[in-house]
Structures are given as C-alpha cells and as structure tokens.
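Notes follow the structure.
Coordinate-derived values only; no laboratory data. These figures come from a predicted structure and were not determined experimentally. Backbone-built Cβ (ideal geometry, glycine too); neighbour counts: all protein chains shown.
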Amino acid sequence: MREAKRASRQPTVHAHDPTRPSRLPVAVSASLPDVSRARKRTATTALVALVVALCVAGAARVAPGLGADARLLCGVERWSVKTLQDRPSLLPVRTTTLRFLVTRPAPQTLPSTRLPFERHVYRVTAAVTLVRPEDDGDFHLVLRDGALHMIAEAPSTSCVVGATPVRRAQIQAARAAVRLCARAQITGVAFFDFKHGQTGVAPNAIELHPILNFRCLSG
C-alpha cells in the first residue's frame, strides 16, 4: 500500500514528442529576426548620419565663397591675365579714345601669359549701352563712341583673390559703380581676348579688362 502511494507521488515523465516544438528553440528563433532588424536599423541610421555630415561639410566649404556677386565658377582662358592675378607691373594711366584702342593690331596668337601691350592702363570716355552679368561672374559692358564699340569687363571679387590687395580694392569699387550711362569715364587694363561672338566685341577683340575705375559723367 505504501509502495503504491509513493508511486503515485512520482512526477509523470512524458515521452518526447518530435512533433511538439521545444519552448527554448522557439524563444531563441523568435529573437533572431529582432536582432537582425535592430542591426539593420543601426546601419541605416549610421549611413544617413554619414550622408548628412558630408552634405553639411560640403555646404560649409562652399558657403564662405558665396555672396551677392559670388559665382561657383570663374573663367578659364587667360584668366590670371584678365583678373591681374599674375600681379603685373602696370604702366601709368593714359587717357585715350576708343578709336585708338580698336585700331591696334591684334596679336597673331594669344599666349596664356601677359603681352607687353597688356601692361597699359587706359582711360576712355564713352557711352555704356549694355551691362550684363556673365556666367564667369564678370559684368560685361559694351562701350560705344559713335559707330565704334568695344568691351570692358568688371570681374567678380570672388574670382580675383590672387590679385594684390590694392588691385582687388580697385576692381571691387569699380564693379560696384558700373551702370548704364550716356557718358562715362572708364579706366581699365588693355587686354586682347579670343573672338567668340561676344556682344560688342571690337574688330581686334581688345577690351578694358579688368575695369579699375568707373565714373558716370552724365545720364
């Protein structure tokens, strides 16, 4: 009788049923997708943070050069000559006429360096019939005296950083002053450009580039 009671108190041991899923494997297998999803979320967050950081850094590099008249792109052809970034020793200002300038012999070839004639600084009086911003940041001016015409250019200050402080200040002040004018006095450096269909180009493609001083005398 006692033996029977002891037997009745023994825990019941069930035989293993292979069709019945074990609780531990189920718990472990359920946690694996959660870990995978968490890792993916972490990787995605890190990637987004990296992209944002790169964009911010890029904007920070561009921002200091931006301004009302700044451009992301400056010119290329003979650009250091056009903008006095070759820091030349220029000759004293000489008053002349459009007729004199547009009848100078054009060079046979245009080197990347400054020609001797391009050390001259000239002052002319003419009508300014066009002022137009260009893709390279210049203000493009057309000067006219009767049937004669030529170009003068006022570069963006963001594109003349290699010029001397004195020349940069002159270029900046002249650029701020340029406007349409019936009779203006324009002082600038002689420069020969390539002909490429520019509005108002002289027969010999001479320009005043850059303008160093601008005064509207009337109109």
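Evaluate E = 1/(1 + (r/R0)^6) for Arg179 and Ala147, where r is the Cβ-Cβ distance and R0 equals 22 Å; express this FRET efficiency to the nearest 0.05. Could you put the intermediate results ahead of the total?
Numbers: r = 23 Å, r/R0 = 1.05.
That pair, Arg179 with Ala147, gives E of 0.45.
Structural descriptor for the stretch 63-201: relative contact order 31 percent, calculated from alpha carbon pairs under 8 angstrom and at least 6 residues apart. Close amide H pairs (under 5 Å, H built 1.01 Å from N) link Asp138 with Ser156, residues at least 5 positions away or on another chain. Working note: Karplus 6.51/-1.76/1.60 with θ = phi - 60° gives the stretch 144-152 the couplings 9, 9, x, 7, 7, 8, 7, 10, 10 Hz, where Gly and Pro are set to x.
For the pair Lys195 and Leu91, label points projected 7 Å from Cα toward Cβ lie 2.5 nm apart.
Starting with the fewest neighbours, write out Asp135, Asp86 ranked by other beta-carbon atoms found within 10 Å of each beta-carbon.
On the way: Asp135 9, Asp86 16.
So the residues, fewest neighbours to most, are Asp135, Asp86.
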